Structure formats: structure tokens, C-alpha cells
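First up is the structure itself, then whatever we jot down about it.
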Amino acid sequence: IGCGAGNYTLKMLTKIPNLNCTLNDLSKPMLDKAKERVSSQTNGEIEVLQGDIREVDFKENHYDIILAGAVLHHLRDDNDWETTFIKLYKLLKPGGCLMISDLIIQETDAVTKYVWEVYGDYLEGLNGKDYRANVLDYIEKEDSPRSMTYQLELMKKVGFSAVEVLHKNMCFGAFGGIK
């Protein structure tokens, strides 16, 4: 979901070749690019579904793996988060896996503030003070990330039988659950 140009799908294909892939994104140009790139790396079927994960009709109990790379932090309120996680759970086959890699916040405001400062310093080192301000302002205005703990607990609440933390580094995390 939110496949962009297909980077996460391409990485998955290096581990499990010739998968059937369903690519989903809001952007038609991104979907076109993803389909082009992915089709050159798999003999599996490729389906393209343009639209918001919350609105697209996907097949329930159909998917072995759902990859959510840098997309869920766009969800808004707690209801939006829970409704989306329920939907993702329903889309997976029993034993299926939801894998998330995304922007996260911390459990406490003080630690979150510290992490954003460190991330801001990193951004500034990349491309200056204006870049730092632009990225952090965009996150403040457009994104509503939740903590990894929040998301793992939400996965358990909606029915995932197991959840795992794969990696956490400041304001980014990789984690998931098994249906």
C-alpha cells in the first residue's frame, strides 16, 4: 500500500522472487513507474489499484504479505488508525504478515522533542536550515505519526496473533504483525 515507485516491492522481490504483486498508491505516475519497475523483476501477476487504502476495494483474506512503507503516518485520528488497521487485518490470509516501515514518534513528549531536534540537525546537515524547516513544518502540518508501541498495541487489538519489532532508529521504525 502506498507503493510509490515500488522500492519496497522490489526489495521484497530480491528475497521472494516471482511474487504476484498488487500495487496501490494515490499517484497514477507513481503507480505507472512502480508497475514498470516491478514487472521487469517478476514473472508473477501485477495488479494496479489507484486510490487511498481507506477507500479502495481490496480482496479480503487474499494477501500473504502487505507492505506499508512510509504511508501510515498520513492517517489522522485514532479512529482513522483503527479503521485502517482493521481493514489491513481483514485483507490478509490467516498467517499473513503486515510489514510496516515508517515515521514514528516516541512514547513521551520529552523524548519525541529530543528526537525531532536530532532529526532536524541531520536534515540541516544534509541541505541547510531552510531544508530542516521545510521538512519539519511539512511533518507538523501534513503528518500524524504514532508511536511504534501504539501501532503494535493496535495490531493486537484488531486481532494480530503476533507482533514484532524489526528495527527502531530515532523517528523511524520497522515492525509488523502476523494474522
Select from region 37-81 the residues that are of a type in the set (A, V, I, L, M, F, W, C), more than 30 Å from residue 140 (Cβ to Cβ) and assigned to a helix (DSSP H, G or I) and list them in ascending order.
38
Looking only at region 76-100, how many residues end up being farther than 14 Å from residue 173 by Cα, aliphatic (A, V, I, L, M) and open to solvent by 10 Å² or more (accessible area, probe 1.4 Å)?
1
Is at least one residue of region 28-41 at pLDDT 95 or above, within 22 Å of residue 173 (Cβ to Cβ) and not small (Gly, Ala, Ser)?
no
Looking at region 108-118, is at least one residue at pLDDT 95 or above, under 18 Å from residue 71 (Cβ atoms) and not hydroxyl-bearing (Ser, Thr, Tyr)?
no
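Please enumerate the residues belonging to region 101-140 that are acidic (Asp, Glu) and open to solvent by less than 70 Å² (accessible area, probe 1.4 Å).
102, 124
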Can we say residue 9 is modelled with pLDDT of 95 or more and either under 21 Å from residue 95 (Cα atoms) or of a type in the set (S, T, N, Q) (or both)?
yes
Search result, residues across region 32-51 that are surrounded by 12 or more Cβ atoms within 10 Å (Cβ to Cβ), over 13 Å from residue 3 (Cβ atoms) and not polar (S, T, N, Q):
44
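Which of the residues that make up region 141-173 are in contact with an Asp or Glu (Cβ under 8 Å, 6 or more places away or on another chain) and either open to solvent by less than 40 Å² (accessible area, probe 1.4 Å) or at pLDDT below 95 (or both)? Please lay out each step first, then the result.
Start the filter on region 141-173 by keeping residues that are in contact with an Asp or Glu (Cβ under 8 Å, 6 or more places away or on another chain), which leaves 144-145, 147, 149, 154, 157-158, 172-173.
Across region 141-173, the qualifying residues are 144, 145, 147, 154, 158, 173.
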Can you pull out the residues in region 93-107 that are in a strand (DSSP E or B) and within 11 Å of the chain's Cα centre (by Cα)?
98, 99, 100, 101, 102, 103
Residues being touching a residue at least 24 places away in the same chain (Cβ under 8 Å), touching a strand residue (DSSP E or B) at 6+ places or on another chain (Cβ under 8 Å), farther than 18 Å from residue 118 by Cα and not in a loop (DSSP other than H, G, I, E, B) - total across region 132-165
4
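The values are calculated or read from the model by the stated rules, or taken from the named source; none is laboratory data. Quantities reported herein were computed from a predicted structural model and do not represent experimental measurements. Virtual Cβ from ideal backbone geometry, glycine too; neighbours counted across all protein chains shown. Just the protein is used for accessible areas: all its heavy atoms, side chains included, with ligands, DNA and RNA removed. Shrake-Rupley method; radii C 1.70, N 1.55, O 1.52, S 1.80 Å.
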